[in-house]
Amino acid sequence: MLAAIWSAPFFTRDLVPFTVAWTVVNGLAAALFSVSFTLLSASATDETRGRVMTFAYLPANIGFVVGPAVGSVIASVDVFLVFPAAAVLTLAGLGAVMLAWRQRTTAT
C-alpha cells in the first residue's frame, strides 16, 4: 500500500495537491515505521531484542545516507521521478524482508 501511495505526488504538478499528497505519504510512512518497530520489539525475546532492533534500524540509518545521493541522481532527470523511484525501492525493501522472513521460517 505504501509503495502505491509513494507514487501519488508524481501525478500532482501543482503546489496544493502536491502538498496534500506529500503530507499523506509522510504521515503513513511515519505510522508504518513506528508500528513495525513496535511489533519487532514485542515479538523478539529478551535475549535477541538488541540484535533484532540493530538489524532493523541498520537499513533505515543507511537509507538516510544513501537516499539523498540516489534522490539527487534521479532528480537530475526529473524532480517528480523521485516518487516512483521511492515506490520501487519500497517494494524492493519489502521483497528483502519477505525473503529474510521466508529463510528464517524454513531454517528452523
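The values are calculated or read from the model by the stated rules, or taken from the named source; none is laboratory data. If you're wondering where the values come from, they're calculated on a predicted model, not measured in any experiment. Cβ placement follows ideal geometry from the backbone for every residue including glycine, while neighbour counts extend to all protein chains displayed.
Quick notes on this structure:
- Single residue of the range 1-43 satisfying the filter (within 16 Å of the chain's Cα centre (by Cα) and in a loop (DSSP other than H, G, I, E, B)) that is surrounded by the fewest Cβ atoms within 10 Å (Cβ to Cβ): MET1
- First in the range 82-94 and part of a helix (DSSP H, G or I) and modelled with pLDDT under 85, second anywhere and buried (at least 19 other Cβ atoms within 10 Å of the Cβ) and of a type in the set (Val, Ile, Thr), Cβ under 7 Å, 6 or more apart: none
- Of all residues in the range 67-89, one or more are of a type in the set (Phe, Trp, Tyr) and closer than 22 Å to SER7 by Cα.
- Residues in the range 16-45 that are within 18 Å of PRO84 (Cα to Cα) and free of Cβ contacts under 8 Å to residues at least 12 places away in the same chain: PRO17, PHE18, THR19, VAL20, THR23, ASN26, GLY27.
- Residues that are exposed (fewer than 14 other Cβ atoms within 10 Å of the Cβ) and among the polar types (S, T, N, Q) were ranked within the range 44-92; the one that is nearest to LEU32 (Cα to Cα) is ASN61.
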